[in-house]
Each structure stands twice: as structure tokens, then as C-alpha cells.
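Here the structure comes first, spelled out in C-alpha cells, and everything after it is commentary.
Throughout, read-outs are computed from the coordinates displayed, never taken from laboratory work. Note that the coordinates shown come from a computational prediction; the quantities given were computed from them, not determined experimentally. A quick note on method: Cβ atoms are made from the backbone with ideal geometry, for glycine too, and the neighbour counts reach across all protein chains shown.
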Amino acid sequence: MALHTLGFWEIVFDATQIVLCGCIIVFLILNRIRFKQLILRAPTSERPSNISTEFLVEAVRRQTELAFNHILETIDKERQTLDAYYRHPERRIDTGLFTSLATPPLDQISSPDASEPDAANVIYSEIEGLAEQGLSLADISERLNVPQGEVDLVLRLKHLRGKSVSKKDRPSV
């Protein structure tokens, strides 16, 4: 019995929604007809021409068109930016954020004795140093302004690197 009652109320709610949608459509149609009559109304001797109302309607229409055009332009610019972002993965990092991380020439990359250390290596060595001092992940992250996940990853990689080095140094039995 309760299941039949539930179905009945769903039908009532659906019917109510349909009736409300119909009322909204009728309201919109009537307003559109009134708007056309207002614009197309010819001045008669009984009613003087209301120029200020016509001017107001035209001004509102133009302002609405300008606003929509501005919104469309903004959406188009953002779409172009996102398209460029996804088409060119090498440009994803903003060049202004990492000005010190300019790409070195190939001979510098191949030489292990580079004069200037990489900025990422400096941060990673600071993370390792602070971890050796006993600071927690949250403290290191806050102090260096680096996400906690990155700090955790650096420390785990250091731990794994230490294990692999110790295995290589051990003689085989």
C-alpha cells in the first residue's frame, strides 16, 4: 500500500511541474506579445506617443546585447587560452613563476659538474636537511612553502635511493 502511495505522489509532483512549466511558457508568450505591441504601437489621438518608454526599451535592449557580447568575448578568450594550454604542454608553466629555472644549454645538462645547482635540487636538499633535523612533514611544508605531498615524495625517494645504494655496495654472496 505504501508503494502505491509513493507512486501517486510522484505523479502529483510531475503533474505540478508540468502545470508550472506551462504557466511559465504562457507568461513568456504573453509578455512577448505585449512587448511587440508596445514597440509596434502607432500613436493614436486617444493615447499620445510615449517616446520615453520606447527610448527606454531600446536602451535596455542595446545594453543587454552589449552585455551578452562582452560575456561571449570573455568566454571565447578563455576558451582560446585553455585550447593553447592543452595544445602546448611545454608552455604550461608560467615563465614568470620560474625565471631562475631557465633551460641550460645541452653541454651544461650533460656535464655533471654544473656550476649552478638546479633550483629543484636546492629545495629537495633543504627538505632532506630539515627532515634530518627532525621536523615533521607539515613543518617542512610550511617553512619552505612546498606542498606536503611533494615533501613526502622527496623523503620517500631519498629513503628508496638509500636502500638501492646500500644494496649495490653489498657484495654478492
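Across the range 142-149, coupling constants 3J(HN,Hα) worked out from phi with the 6.51/-1.76/1.60 Karplus curve, θ = phi - 60°, read 5, 5, 9, 6, 10, x, 4, x Hz, and Gly and Pro carry x. Packing around the peptides 130-138, 16-24, taken as the average count of other Cβ atoms within 10 Å per residue, puts them in this order, highest first: 130-138, 16-24.
The 3J(HN,Hα) values that the Karplus relation (6.51, -1.76, 1.60; θ = phi - 60°) gives for the range 27-36 are, in residue order, 4, 5, 5, 5, 5, 5, 5, 4, 5, 4 Hz. Gly and Pro appear as x.
Taking 0.36 nm per intervening residue step and subtracting the Cα-Cα distance, what contour gain separates Leu82 from Asp139 on full extension?
Details: separation 57, 0.36 × 57 = 20.52 nm, distance 3.51 nm.
Fully extending the segment from Leu82 to Asp139 adds 17.0 nm.
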